Amino acid sequence: MFKLSSWIIVGVIAIAYVPVLRAADDKKEVVVEVDGLKSTAPANWKSEEVTTKFRTHHFRIPHVADDKNDAELTIFFFGTGSGGTAEANVKRWKGMFVPPEGKEIDDVAKVENFKVGNVNVTYLDVQGTYKFKERPFDPAAKEELRPDHRMLGVVFESPKGPYFFRLVGPAKTVTENKKAFEDWVKGFK
């Protein structure tokens with residue numbers, strides 16, 4: 001039979017492990033599924049609650065170095081065949097940025113096309129001053145200028161798509177996560 005002092009020791013040990021268990025929960029892997037294709041999000045991407053009907057996933061990506069804000073990755077789906085063409089979205093996404101003085105938007109934007117399995121992917125990398133709007137399609141929504149930001153945008157033209165992936169945030173944070181983002185996009189199987 002355990003004495004009271006033995007139960008106290010067991011309790012102290014159990015309490016000591018609680019932070020370890022919480023840390024493990026914080027690193028929970030999230031598998032993102034798009035039209036039956038799956039890819040595991042990097043462990044440092046923190047899954048957030050989806051707050052609108054057109055978002056399928058929302059991640060917060062912790063800021064790096066001297067960046068003050070985290071980056072965000074959102075995946076949008078507006079319905080099969082909805083949301084516009086890849087070209088229209090690339091044009092709209094470029095319009096969300098003001099290039100540095102003396103440059104044109106196409107000087108600071110790069111567009112690539114590739115395939116992930118049988119899925120056509122259009123990939124935009126753009127940086128400059130981000131014209132942030134809490135509700136982007138609301139003409140009355142207030143615009144906030146955020147200098148030194150970067151966006152990695154993907155139009156994922158799966159059979160029931162397209163899906164729209166946007167990683168936006170301070171340039172250093174997005175740059176630090178660029179390879180992980182590209183590996184994640186190309187990892188859908």
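The values are calculated or read from the model by the stated rules, or taken from the named source; none is laboratory data. Keep in mind it's a predicted model, so treat the numbers as computed, not measured. With ideal geometry, Cβ positions are generated from the backbone for all residues, glycine too; neighbour counts draw on all protein chains shown.
Brief remarks follow.
- Residues of the stretch 134-154 that are in a strand (DSSP E or B) and under 20 Å from I61 (Cβ atoms): E144, R146, P147, D148, H149, R150, M151, L152, G153, V154.
- Checked against the criteria, G128 does not count as modelled with pLDDT of 95 or more, assigned to a loop (DSSP other than H, G, I, E, B) and surrounded by 12 or more Cβ atoms within 10 Å (Cβ to Cβ).
- A search for C-beta distances below 6 Å between a residue of the stretch 89-111 that is closer than 14 Å to L145 by Cα and touching a residue at least 12 places away in the same chain (Cβ under 8 Å) and any residue that is assigned to a helix (DSSP H, G or I) and of a type in the set (A, V, I, L, M, F, W, C), counting only pairs 6+ apart in sequence or on different chains, returns P99/I105.
- Those residues of the stretch 115-124 which are assigned to a strand (DSSP E or B) and touching a residue at least 40 places away in the same chain (Cβ under 8 Å), in sequence order: V116, V119, V121, Y123
- In the stretch 47-83, the residues that are within 13 Å of G153 (Cβ to Cβ) and either without any contact (Cβ under 8 Å) to a residue 60 or more places away in the chain or acidic (D, E) (or both): E72
- Verdict on E157 being among the acidic types (D, E) and either touching a residue at least 24 places away in the same chain (Cβ under 8 Å) or crowded, with 20+ Cβ neighbours inside 10 Å (or both): yes
- Residue check, V111 out of contact with any Leu (no Cβ under 8 Å at 6 or more places or on another chain), among the β-branched types (V, I, T) and outside any helix (DSSP H, G or I): no
- Sole exception among (1) loosely packed, with under 10 Cβ neighbours inside 10 Å; (2) of a type outside the set (A, V, I, L, M, F, W, C); (3) modelled with pLDDT under 95 for G102, by number: (3)
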